[in-house]
Amino acid sequence: MAPLMIITMFFLWARSMLTVQGGDPTITFEWKVTYGTISPLGVPVKGILINGQFPGPNINSTTNNNVIVNVFNNLDEPFLLTWSGVQHRKNPWQDGVLGTNCPIPPGKNYTYKFQVKDQIGSYMYYPVTAMHKAAGGFGGLRINSRLLIPVPYADPADDYTLIAGDFFNKGYTSLKKVLLSGRNLGRCDGVHINGKVAKGDGNDEPLFTMEAGKTYKYRICNAGIKTSLNVRFQGHTMKLVEMEGSHTVQNDYESLDVHVGQCFSVLVTANQEPKDYFVVASTRFTKREVIATGVIRYNNGKGAPSPKLPPPPVSWAWSLNQFRTFRWNLTASAARPNPQGSYKYGSINITRTIKLANTAHKVDGKLRYALNGVSYVEPTTPLKLAEYYNVADKVFKYDNIPDDPPAEITKVTMEPIVLNMTHRNFIEIIFENRETAIQSYHLDGYSFFAVAIETGKWSPEKRKNYNLLDAVSRHTIQVFPKSWAAILLTFDNCGMWNIRSEVWDRHYLGQQLYASVVSPNKSLKDEYNMPDGALVCGVVESMPRPPPPYT
């Protein structure tokens, strides 16, 4: 065999292996995405199932595992999953958002290959195409700590995933039509817990079981599309131990507000009379409270749960005060064997401040949501592909919104929004909520330090109120009405990363953008090349594949 051919074959093999790291265990899944009838609120609705399940299968991984998920799209429309909270270090190609990936065409499959590198915690996956998230396709994704790295609490008797969310009986296609007609979605019809609602008639099967005297871990995620929830356990307190990938100071709570897109891990000790109890999820900040319950059963317990449910909290000020109690556990080990508190984020100089102001407007008579006066429009060519193929100028413009929006935004334009970020710069982002509805924002590819949420308007002197010592490192943050939230992070993960509203009607109608972080050295130490088998679409579909830019 000629030396050139040998070198070429080795190069192609090496390129295909970059996204799966040798030496670390690999876990493999094959998922079939289909339609099916679901009825979380008792009304039959066309849903989206994964391997026949709603919610979908739980991914149970461990730090540094290689995860391979072969997704077969058996729907009659394009479909795409994202792995919310997984950072995909140097590997944006597996993020599963429309700014980076082409959706999986009907009747086709795509294999995700990613590593849960240097992470622990509770996460979830869900669809980002159309309004699919309203119909299912979501599930839990847990990353357990390696045995080498101790966690700051004793091993629980069992580890449960609790996925709650709002639900609309209209069906996702009708919801899409509502948004395209220029209206918002209105109130949800109900709330589910793991796709079910207990009837409370004594015949409900338990969602979870516990044995008296033992402690259990519950991973609680809000997979809804627009409604904040409060979660509480009848007769039991919760000890918060982890939040979106960070161990927390272990405070006890009677209830927790879990905003859209957020995940918490709590410990619950079975220290009450052995019988059945309700876990409760109820809507927050809505005119009419909607409640869902699920049954937790003590082994060998006797007796139905009390119909008297624990009361919900009142006002969003209560929720704001709860946020201020969340602290990073600086004495706990992280996913790597170095203490979390060794990263002194509070002493790093801020190199750029970006303020993102959300507003609602009518454009051509139809409702659109915007950031800094621009409402995001999804191009037919993923932004990352356009950048990789050197045709970005045909698809989008960089920095097309100001870092500091005007005090009054009266006009809205519609186009893709891409912020050009300097690699390794330390950035401050202010989410400014100028509306009376609560917001929830997520950043792909990173965790950030949630240093402050306050009422009113942000100004530079507000920095004196930042928590610069032990703010929780997380990936989703809520913003209360007529308030602001501040986050700090270093943009050190190269790729094209989505900053989006987790309130899905807002996301669908333009309240999102992308941050482009390019390796200045074009080095594989910073970012992997486009993997073999990546789907192509839009203006690049018929173009020859460019030579790998990163070496």
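Net charge in the neighbourhood of GLY301 (other residues with Cβ under 12 Å of its Cβ; Lys, Arg +1, Asp, Glu -1) is 0.
Heavy-atom accessible surface of the chain, averaged per residue, reaches 39 Å², computed with a 1.4 Å probe. Within a straight-line Cα-Cα reach of under 16 Å, LYS275 can be paired with the following aspartates and glutamates, leaving aside sequence neighbours fewer than 8 residues apart in one chain: ASP201, ASP204, GLU205, GLU211.
Under the criterion of Cα pairs below 8 Å and six or more residues apart, the relative contact order for the chain equals 14 percent. When ASP95, ASP393 are compared by accessible area at a 1.4 angstrom probe, the order from most to least is ASP393, ASP95. When both bridge partners sit in the chain, DSSP labels roughly 75% of those beta bridges antiparallel.
Percent of accessible area on the range 71-216 owned by carbon and sulfur, 1.4 Å probe?
For the range 71-216, the apolar C and S fraction of the accessible surface comes to 47 percent.
Between beta-carbons, use under 11 Å as the cut-off and find the net charge around ASN230, counting Lys and Arg +1, Asp and Glu -1. That works out to -1.
Shape index of the range 87-221: Rg/Rh, with Rg the Cα radius of gyration and Rh the Kirkwood radius from the inverse mean 1/r over Cα pairs, equals 1.03.
Among the cysteines of the chain, those whose beta-carbon sits 4.7 Å or more from every other cysteine beta-carbon are CYS188, CYS494. Judged by the ratio a/c of the largest to the smallest principal axis of the C-alpha gyration tensor, the chain counts as rounded, that ratio being less than 1.5. Using a probe radius of 1.4 angstrom, the carbon and sulfur fraction of the accessible surface of the range 229-293 is 45%. Taking the DSSP beta bridges with both ends in the range 31-153, the antiparallel portion is around 75 percent. Working note: Karplus 6.51/-1.76/1.60 with θ = phi - 60° gives the range 515-528 the couplings 10, 9, 10, 9, 5, x, 9, 6, 10, 5, 5, 9, 7, 7 Hz, where Gly and Pro are set to x.
Can you find, among PRO402, ASN372, PRO382, the residue farthest towards the positive end of the dipole of the range 345-438? Put +1 on the C-beta of Lys and Arg, -1 on that of Asp and Glu. Towards the positive end, the residue furthest out is PRO382. Rounded, prolate or oblate for the range 467-551? Axes are the square roots of the Cα gyration tensor eigenvalues, ordered a ≥ b ≥ c, and the cut-off for rounded is a/c under 1.5. Taking the square roots of the gyration eigenvalues as a ≥ b ≥ c, the range 467-551 is oblate.
Mind running the shape call on the range 500-542? Use the C-alpha gyration tensor, a ≥ b ≥ c as the square roots of the eigenvalues: rounded below 1.5 for a/c, prolate if a/b tops b/c, oblate otherwise. Verdict is oblate for the range 500-542. With unit charges on the beta carbons (Lys and Arg positive, Asp and Glu negative) and the dipole taken about the Cα centre of the range 270-357, which residue among GLY294, ILE350, SER282 sits farthest to the positive side? Most positive-ward Cα: ILE350. Note on the chain: helix-only mean residue ellipticity at 222 nm, from DSSP H runs of 4+ residues weighted -39500 (n - 2.57) and normalised by residue number, equals -2000 deg cm²/dmol. Taking every DSSP beta bridge that has both ends in the range 26-82, the antiparallel portion is near 45%.
The calculated Kirkwood hydrodynamic radius for the range 341-462 is 16.6 Å, given to one decimal from all distinct C-alpha pairs. With Cα atoms as the point set, the range 340-411 shows a radius of gyration and Dmax of 17.0, 52 Å.
The values are calculated or read from the model by the stated rules, or taken from the named source; none is laboratory data. Keep in mind it's a predicted model, so treat the numbers as computed, not measured. With ideal geometry, Cβ positions are generated from the backbone for all residues, glycine too; neighbour counts draw on all protein chains shown. Please note that ligands, DNA and RNA were not included when accessible areas were found on the heavy atoms of the full protein model with its side chains. Shrake-Rupley method; radii C 1.70, N 1.55, O 1.52, S 1.80 Å.
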